[in-house]
Amino acid sequence: MNVLDTIKSRRSVRTFDGTALRRDDAQKIIEFAKQAGNPYGIPIEWRILDSKEYGLSSPVIVGTDTYIAGKMHRVPHAEEAFGFTFEKVVLFAEGLGVGATWIAGTMKRDAFEKAMALSDGEVMPCVSPLGYPAKKMSVRESLMRKGIKADGRLAFGDLFFDGSFDKPLTADAAGALARVFEAVRLAPSAVNKQPWRAVLSGNKVHFYEKRSGGYDNGVWDIQKIDMGIALCHFELAVNELGIKTEFEISDPGFDAKNAVYTASFRCE
Ligand SMILES: Cc1cc2nc3c(=O)[nH]c(=O)nc-3n(C[C@H](O)[C@H](O)[C@H](O)COP(=O)(O)O)c2cc1C
């Protein structure tokens, strides 16, 4: 499956069929995670965890005993780097037919952090279950999806802009990049808030975070993780179209109307 199709078919999976994660799938996922980098060059340590061994649980997950989690030092841009790399892992798992769900809140966090042997200065922002999707979602999962409108996304022109924040971008004006922006639009985010905004200016795309209140817990800003996910979708999709990119952090100084600059890609 190519990246654009994988991005389109992915959804959070919270109801699994009860089959144990196959050893070869677990092996492929952990090996992929270990080498999956991020443009910030920040290392992340990954572990696949057995919930029975460590007493792990999440009130929204049923039908699997396997989780993946990552930890890292709390350094500048840790969140974006985590979002970028973890999303690569989620999409890789999807390509294997293994379902996943980003979980930042609905988990027994103490048990996960203990299982990850967090030391001082380390953070474990999110975990994900891994397993094979059940044919039917639990009632709880269906209700949850409805509650957060998980199947919807903001419109293209509400997220992407043409030259400045004053002019919404159209798919026509985006040209070859329209499919890439669409891949960004479909990205998962905490409570489906979709905080990413992007301005196409010449051959550069500048990403911004439109913050909602209450997502920065003092240790990390969950919406910066969402930004890392959006950057990941952009880079994977644009590279799949054969367009080379350079990642840079260089604020172009646009009037961003309360959004905060994150990073840019120069497309060649
Ligand atoms: C950083 C992050 C944290 C999330 N935390 C949770 C969580 O704690 N519990 C949960 O059930 N879903 C969580 N989600 C999943 C989102 O609710 C989901 O991605 C969004 O509603 C869109 O649905 P989709 O992934 O099926 O497209 C999280 C997603 C992200 C990106």
Crossing angle, helix 23-35 versus the chain [Cα axis fit, 0-90 degrees, rounded to tens]: 40
Of 213, 56, 161, farthest towards positive along the dipole that unit charges on Lys, Arg, Asp, Glu beta carbons give the chain: 56
Placed amide H near residue 161: partners under 5 Å, 5+ positions off or other chain: 169, 198, 199, 200
Residue exposure sequence - 73, 233 - by fewest surrounding Cβ within 10 Å: 73, 233
Table column - 3J(HN,Hα) (Hz), segment 61-75, Karplus curve with 6.51, -1.76, 1.60, x for Gly and Pro: 10, 10, x, 8, 10, 10, 10, 10, 9, x, 10, 7, 6, 7, 10
Under 5 Å, built H, 5+ apart or other chain: amide partners of residue 260: 209, 210, 211
Folded to 0 to 90 degrees: helix 222-240 orientation relative to the chain principal axis, Cα: 70
Among 230, 194, 150 - extreme Cα towards positive end, dipole of the chain, charges at beta-carbon: 150
Calculated from backbone phi, Karplus (6.51, -1.76, 1.60) coupling profile of segment 199-205 in Hz, x at Gly/Pro: 10, 8, 9, x, 9, 10, 10
5 angstrom amide H check on residue 131, placed H, neighbours 5+ away: 99
Whole-Hz ³J(HN,Hα) from phi, Karplus 6.51 cos²θ - 1.76 cosθ + 1.60, for segment 80-96, glycine and proline x: 4, 4, 5, x, 4, 6, 5, 5, 4, 5, 4, 5, 5, 4, 3, x, 8
For peptides 22-31, 4-13, 97-106, 249-258, sequence by mean Cβ density within 10 Å, most packed first: 97-106, 4-13, 22-31, 249-258
Euclidean distance between Cα centres, segment 60-82 to segment 141-219, Å: 22
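All of the numbers you see were taken from the coordinates with simple rules; none came from a lab. Values in this document were obtained by computation on a predicted structure and should not be read as measured data. Here Cβ is always computed from backbone atoms with ideal geometry, including for glycine, and neighbour counts include all displayed protein chains.
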